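What follows is calculated from the coordinates using simple rules that are stated; it is not laboratory data. On a predicted model such as this, the values are computed, not experimentally measured, just so you know. Note that we place each Cβ from the backbone using ideal geometry, even for glycine, and neighbour counts take in every protein chain shown.
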Amino acid sequence: MRLIGLSGTNGAGKDTVGEILASVHNFLFISMTDMLREEARNRNLDTSREVLRTISAEWRRESGLGVLIDKSIAHYKKLGGDEKYAGLVLASLRNPGENDRVHELGGDVIWVDADPQVRFERISSRARADDPESFEEFLKNEQAEMKHSGDKATLSMEDVRDKSDKVFINNENNIDNLKDTIKSRLL
């Protein structure tokens with residue numbers, strides 16, 4: 001199985017990269033954030049970043065630091081896996097144990113980033129209820145996820161970045177140019 005883990009700052013385009021790998025290159029794309037949102041809704045909780053962080057840390061404590069990777073792979077296999085897809089692409093790795101699990105399985109982790117103002121504008125344009133309302137709140141949320149705020153089951157984007165195999169700067173707003181760049185730099 002070809003496995004790619006995507007991580008990076010909020011609004012950098014991780015989901016867009018994953019969707020392009022799915023639509024153009026026949027990968028199954030799974031958003032681990034969407035998986036956490038679904039769990040929050042199943043528990044009748046809001047889908048704020050704080051709630052998602054709490055659920056992901058709970059799962060890591062119960063089932064290991066790579067639990068979100070393992071849940072995604074189980075889903076991939078259930079849907080036909082290698083018989084149906086060229087591989088699996090996952091977003092958003094937010095704990096270094098997830099990097100470790102992707103690497104144990106022979107995959108690569110790509111850190112996606114972009115200028116903070118570009119990222120904030122992207123997030124603002126999608127208008128999710130749980131997105132920050134100001135640039136300052138956006139930066140504060142990001143800082144809360146950059147370093148462990150508790151035990152090893154909490155988020156540490158800084159450690160994920162440091163363990164990534166590639167860095168991909170995505171200030172691109174032209175989707176065709178982005179598709180070409182992904183093909184030449186990420187595959």
Mind counting the residues in segment 71-107 that are assigned to a strand (DSSP E or B) and over 23 Å from residue 59 (Cβ atoms)? 1
Assess whether residue 110 counts as being closer than 17 Å to residue 18 by Cβ, touching a Lys or Arg at 6+ places or on another chain (Cβ under 9 Å) and either crowded, with 19+ Cβ neighbours inside 10 Å or in contact (Cβ under 8 Å) with a residue 24 or more places away in the chain (or both). yes
Count of residues meeting criterion [over 18 Å from the mean Cα position of the chain (by Cα) and surrounded by fewer than 15 Cβ atoms within 10 Å (Cβ to Cβ)] in segment 65-90: 7
Does residue 7 satisfy the condition of being among the polar types (S, T, N, Q), surrounded by 19 or more Cβ atoms within 10 Å (Cβ to Cβ) and either under 9 Å from the mean Cα position of the chain (by Cα) or in a helix (DSSP H, G or I) (or both)? yes
Can you tell me which residues in segment 23-41 are within 11 Å of residue 91 (Cβ to Cβ), in a helix (DSSP H, G or I) and either touching a strand residue (DSSP E or B) at 6+ places or on another chain (Cβ under 7 Å) or β-branched (Val, Ile, Thr) (or both)? 32, 33
Residue in segment 12-19 that is surrounded by fewer than 22 Cβ atoms within 10 Å (Cβ to Cβ) and more than 20 Å from residue 131 (Cα to Cα) present: yes
Out of the residues in segment 63-102 that are without any contact (Cβ under 8 Å) to a residue 12 or more places away in the chain and of a type in the set (A, V, I, L, M), state the one that is farthest from residue 2 (Cα to Cα). 67
Report, by residue number, each residue of segment 21-63 that is small (Gly, Ala, Ser) and within 18 Å of the chain's Cα centre (by Cα). 22, 23, 31, 40, 48, 56, 57
Just need a number here: residues in segment 124-179 that are in a helix (DSSP H, G or I), among the acidic types (Asp, Glu) and either over 16 Å from the mean Cα position of the chain (by Cα) or surrounded by 17 or more Cβ atoms within 10 Å (Cβ to Cβ) (or both). 6
Any residue at all in segment 52-69 that's in contact with a helix residue (DSSP H, G or I) (Cβ under 8 Å, 6 or more places away or on another chain) and closer than 23 Å to residue 121 by Cβ? yes
For the structure I just gave you, tell me whether residue 26 is of a type outside the set (Lys, Arg), surrounded by fewer than 18 Cβ atoms within 10 Å (Cβ to Cβ) and under 26 Å from residue 170 (Cβ atoms). yes
